[in-house]
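Working notes, beginning with the structure itself.
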Amino acid sequence: MDGDGYGDKRKPLQGEACRGKNVSTNSDDCVDTDPKKYPGAPEPPGIIDYNCDGVTTQLPKPPAPRLLSVKSEMQGLGKKLNVTVKLDPNAGQCSALYVVTSGTVSFNAGETVTHKVSGGPTDWRLTASVDQKELYFQLKCSDAAQGTPERIGDKYYRVSQ
């Protein structure tokens, strides 16, 4: 019925119905309402089985973002935190970048503040008011594919005024 040249064994046609347009001599079609799905069909990466083999090709996992540099400073009496981040343009990218601050290196729940960083895809900047004279921060990256922020880099950063 979908015109891809493959028939549906669950709906055999007989008699006069066997002649004419969209009729097949085989019964191998896996979906007789979608012309993109038939045995041997090209199968792009994803979750749809186009070629009726019961297997889908997986999308490759995007490469992880890689830090090139991180610069930070506390500024003025208003305790402004400035953070500048550069990411490697040849590695994975972040759709959003966050700076998570804490007054201690332990980053205990309830003692952290998350700041969304502006910029991208390789150059990011944050200016935020903070209450600590000394604080620690870590970077978290979110990409469009996974959605949840994951820590990037391999350390916590310490900033003193």
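Give the long-range amide H neighbours of G7: residues separated by 5 or more places, or on another chain, with amide H under 5 Å away, using H modelled in the peptide plane at 1.01 Å from N.
For G7, whose amide H was placed from the backbone, the distant partners under 5 Å are N26, S27, D28, D29.
Computed FRET efficiency, Cβ-Cβ of D49 and Y157, R0 41 Å: what is it to the nearest 0.05?
For R0 = 41 Å, the calculated efficiency reads 0.35.
Given a 1.4 angstrom probe, I'd like the percentage of the accessible area of the stretch 28-161 that is carbon and sulfur, rounded to a whole number.
C and S atoms contribute 51 percent here.
When the label point is put 7 Å from the Cα of E150 along its Cα-to-beta-carbon vector, which residues of the stretch 43-69 have a backbone N closer than 16 Å?
The answer is 59-67, whose backbone nitrogens lie closer than 16 Å to the label point.
Would you mind pulling out the separation of the Cα centroids of the stretch 101-131 and the stretch 45-93, in Å?
Comparing the Cα centres of the stretch 101-131 and the stretch 45-93, I get a distance of 17 Å.
May I ask you to derive the FRET efficiency for K36 and Q58 from their Cβ-Cβ distance with R0 = 22 Å, giving the value to the nearest 0.05?
With a Förster radius of 22 Å, E is 0.70.
Filter K61/K116; K80/K116; K71/K155 down to the pairs with a C-alpha to C-alpha distance above 18 Å, please.
Going by Cα-Cα distance, K61/K116 fall outside the 18 Å limit.
The values are calculated or read from the model by the stated rules, or taken from the named source; none is laboratory data. A quick note: this is a predicted structure, and the numbers were derived from the prediction, not measured. Every residue, glycine as well, gets a Cβ built from its backbone with ideal geometry; the counts of neighbours run over all protein chains shown. These accessible areas exclude ligands, DNA and RNA; they are computed on the full protein's heavy atoms, side chains included. Shrake-Rupley method; radii C 1.70, N 1.55, O 1.52, S 1.80 Å.
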